Amino acid sequence: MIINLFIFNFSMKCFITKSLLFFILIVVTVASTNYIGDAAHIFTQNYEKQISDILLSGNNVTNIGNYDERALQRLLVKNSRIADTVVLGSSRMMLYGEQIFGKLNIQNSAVSGATLEDLIGIYQIYKSENKLPKNIIIGVDPWIFNAHNGQERWITLKKEYCFFLKVTCDYNSTTKLEQLISPSYFQSSFWEIWKRNDQPVMALTMLNRRNTKLTDGSLVYGKEMRSKTEDEISASIENYLEGDIYGFRNFNKLSPRYVKEFKKLISDIIKSGVELEFYLVPYPPKVYKLMQEDYPVIIEIENLLISLAKKEKISLRGSYNPSIYNFKNIDFYDGMHLRAENLIRLNN
């Protein structure tokens, strides 16, 4: 009986030890792959520096993959000249550059999925570096007023965001640690080790096979995006509608906190002597129709911005409603991005 109990205990200890070693091996493998592959370039800013060095040398850059767009903005703002006009916003504003506006000395500082924290954080970088422009254009996306927008990429700018609001924040984010042991990040990082084909390349032209970032910070889509057929655009919009509207999950009311912080940002920009403009980029008709039905808050947001613009004497261009400009679904790249040639129409 005692011998059997001893054998059982010994077997259990061996099992637990082996299981623990196996678990440690998995964690180490995942962490190593995520750090080395680093599909989104989270653990080093060398990739962002390569991009900024090319742009700051006066050249366009192409062949760029995933990277920390917020970290890139910090590098560009700190090392670039003072622009006359700065563009803030999400990817829906990234195509706005000197050609679209017909102006020179523009710096586009839009970042993908921009939230209010991003707008404040990037503005604070310009302010801290004493590089505020004469004019700031903000592409105001509706989801910046959604307390449940689910965005965390702004964490890179947490220090600047908290400094602007004069609040104490914990800057030791666990985001990188979470990504280091993330199984989903492991999948993309594993393949990235084998690919390694997205190193930034200087480009002499604007139109290239992959996305190209121009010297003014604006973006030109790659060939695949630019040459979408009507059927492909329709399919992209349908795919967009199958999931949650970007940033609209549980969006049934405006966040009082975000409305307050947005007004604080606007007030600070105006007090700094900077001329301010709002741009509301339309959605495709099919998407906007669903928004009106499922998220009537979209109308409330636009009315708020119109009222605020009138009160503060801020120029407002565009509308979330595509019918005002007679836009059709074909006038978009997908469910949320207006084609570059149609952006100019918002200036009229």
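The values are calculated or read from the model by the stated rules, or taken from the named source; none is laboratory data. What you see is a predicted model, and the numbers here were worked out from it, not measured in a lab. Every residue, glycine among them, receives a Cβ derived from its backbone with ideal geometry; neighbour counts consider all protein chains shown. Side chains are part of the model used for accessible areas, which takes the heavy atoms of the whole protein and leaves out ligands, DNA and RNA. Shrake-Rupley method; radii C 1.70, N 1.55, O 1.52, S 1.80 Å.
Observations on the structure shown:
- Amide H to amide H, with H built 1.01 Å from N, residue 332 comes under 5 Å of 339, counting only residues 5 or more places away or on other chains.
- Pairwise FRET efficiency - residue 56 versus residue 128, Cβ, R0 = 22 Å, nearest 0.05: 0.70
- Across the range 213-230, computed HN-Hα scalar couplings (Karplus, 6.51 cos²θ - 1.76 cosθ + 1.60, θ = phi - 60°) run 9, 8, 4, 8, x, 6, 10, 10, 5, x, 4, 4, 5, 5, 9, 4, 7, 4 Hz from first to last residue, x flagging Gly and Pro.
- Under-18-angstrom lysine pairs by C-alpha in the range 242-348, whenever the two are 8 or more apart or on separate chains: 16
- At full extension, residue 46 and residue 272 could sit 78.0 nm farther apart than now, given 0.36 nm per residue minus the alpha carbon distance.
- Distant-in-sequence amide contacts of residue 316, defined by a placed amide H-H separation under 5 Å and a gap of 5 or more residues or a different chain, comprise 278.
- 3J(HN,Hα) couplings calculated from phi for the range 65-80 with the Karplus curve 6.51 cos²θ - 1.76 cosθ + 1.60 (θ = phi - 60°) are, in sequence order, x, 5, 7, 7, 5, 5, 5, 5, 4, 5, 5, 5, 5, 5, 10, 9 Hz; Gly and Pro show x.
- Residue 152-residue 326 FRET efficiency (beta carbon distance; Förster radius 30 Å; 0.05 resolution): 0.20
- Extended-chain gain in nm, criterion 0.36 nm per residue less alpha-carbon gap, residue 306 and residue 253: 17.3 nm
- Global form of the range 238-348, assessed from the alpha-carbon gyration tensor, a/c cut-off 1.5: oblate
- Taken over the range 103-153, the alpha-carbon convex hull comes to 89 cubic angstrom per residue.
- Each residue of the range 264-275 was assigned a 3J(HN,Hα) from its phi angle through the Karplus expression (A = 6.51, B = -1.76, C = 1.60, θ = phi - 60°), giving 5, 4, 4, 4, 5, 4, 5, 5, 7, x, 9, 6 Hz with x at Gly and Pro.
- Structural descriptor for the range 258-348: relative contact order 36 percent, calculated from alpha carbon pairs under 8 angstrom and at least 6 residues apart.
- Contact order normalised by residue count of the range 55-137, Cα under 8 Å, 6+ apart, percent: 37 percent
- Overall, the anisotropy analysis places the range 70-161 in the oblate class: the square-rooted eigenvalues a ≥ b ≥ c of its C-alpha gyration tensor yield a/c not less than 1.5, with a/b not exceeding b/c.
- Extension gain from residue 170 to residue 105, taking 0.36 nm per residue of separation minus the Cα-Cα distance: 19.8 nm
- Taking every protein chain into account, the accessible area of the range 187-321 amounts to 56 square angstrom per residue (probe 1.4 Å).
- Across the protein chains, with a 1.4 Å probe defining accessible surface, the residues 158, 127 rank 127, 158 from largest area downward.
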